[in-house]
1. I'd like the antiparallel share, as a percent to the nearest 5, of DSSP beta bridges with both residues in the chain.
2. Of THR154, THR183, THR128, which is the most mobile in a GNM of the chain whose springs link Cα atoms less than 10 angstrom apart?
3. Could you point to the label whose value was computed as Cα extents along the principal axes in Å for the structure here, given [x] 55, 44, 43; [y] 57, 53, 45; [z] 86, 59, 36?
4. Sum -39500 (n - 2.57) across every DSSP H segment of at least 4 residues in the chain, then divide by the residue count to get the 222 nm mean residue ellipticity, nearest 500.
5. With +1 on the Cβ of every Lys and Arg and -1 on the Cβ of every Asp and Glu, and nothing else charged, how large is the dipole of the chain about its Cα centre, in debye rounded to the nearest 20?
6. To make sure I understand the rule: partners must be aspartates and glutamates, Cα under 12 Å from the Cα of LYS150, and not fewer than 8 residues away in the same chain. Which ones qualify?
7. Enumerate the calculated ³J(HN,Hα) couplings along region 134-151 in order (Karplus 6.51 cos²θ - 1.76 cosθ + 1.60, θ = phi - 60°), each rounded to whole Hz, writing x wherever the residue is Gly or Pro.
8. Given +1 on the Cβ of Lys and Arg, -1 on the Cβ of Asp and Glu, and no further charges, what dipole in debye does region 136-318 carry about its Cα centre, rounded to the nearest 20?
Amino acid sequence: MLCQLAIPRHDPRLLVGLDTSDDAGVYQLNDTTALIQTVDFFTPIVDDPYLFGQIAAANSLSDVYAMGGRPLTAMNIVGFPIGVLDKEVLLAILQGGQSKVNESGALMVGGHTIDDPEPKYGLSVTGTVHPDKVWTNAGAKPGDALLLTKPLGTGILATADRAEMYPDGVQAAMASMATLNRTAAETAEGFPIHACTDITGFGLLGHLYEMAAASHVCVEVDVHSLPLLPEAREAAECGLVPVGAYTNRSYLQQVTFSAAVPEALRDISFDPQTSGGLLFSLPEPEAIRLLSLLQAAGLKQAAIIGKVSTAGAGDIYVR
């Protein structure tokens, strides 16, 4: 659809736009400041309204962190069935979102609400970054290591939650989704980050493909290095795989699996994530040093999951 819009694409002040399917737009204001703009919202993936608000807000804020920036302001985006659900439910959603905006250091400055048959919540977020320090998904280089900051499996465990199975894994998934990527982004400041994205609805391999294609490289993933949420593999082996994972799999024709990769780990690689971690591409020695700092900062499951192998058209080999 976007290809059919008459969108100007050659303004030099637009540092990041539509061309690379990046996480947010970046517009340069002056020599030292660029504006980051993003928006995201979705329907509830948990029953607890406060937790839903936290997860949706953390997910929205993540796009600013993925660009190397810091959030400044946020605006609520709400769809809510007034007259069907109690207003206290809406209050709890907003309070959950506010808690994460406060934690990020940003300011809530307003928003917009509509009467909607199905609840929806998220944020429009504005942040800033130095124009010379913008992270995009388009700069990965052969020889880089790929470092992931959060474990995988949130979509599968959300499915398990609806089936009232694997409660320990579900609890871990909820905590992971409500965790800001602030620590990961701030810890990586000063490192030579060649490319970055956050892992959300297209799953690990979908967002990795966007990075690889935008960077004109091919990548390799070691499936046994992937950090997994507790019980995510067991839930996948039981078939608790969301429809979105199969949609991602059917779309991504650029992925080749070694015959030895178990089916459950293939499913997890395609699993649509909510408020997933940051994926960094940077020189291997620096990745090892960054990994140590991330783990010391509390991101115990951060892991190096593969490498950028050669120049290419975005092909992914999973071994």
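1. Details: 42 of 58 bridges.
Looking only at bridges with both residues in the chain, the antiparallel portion is about 70 percent.
2. Result: THR183 has the largest fluctuation of those listed.
3. Given [x] 55, 44, 43; [y] 57, 53, 45; [z] 86, 59, 36, the calculated one carries the label [y].
4. Working: 10 runs with 112 residues, N = 319.
Using -39500 (n - 2.57) per qualifying helix, the result is -10500 deg cm²/dmol.
5. On the way: 18 positive and 35 negative charges, 114 e Å.
Taking the Cα centre of the chain as origin, the dipole is about 540 debye.
6. Once the sequence-local aspartates and glutamates are set aside, what remains near LYS150 is ASP198.
7. In residue order, the calculated couplings are 6, 8, 10, 8, 10, x, 4, 10, x, x, 5, 9, 9, 10, 10, 9, 10, x Hz.
8. Values: 10 positive and 19 negative charges, 48 e Å.
Magnitude of the dipole: close to 220 debye.
Bear in mind these aren't lab numbers, they're just calculated from the coordinates by the rules spelled out. Note that the structure is a prediction, hence the values are computed from the model and not measured. As a convention, Cβ positions derive from the backbone with ideal geometry for all residues, glycine included, and neighbour counts pool all protein chains shown.
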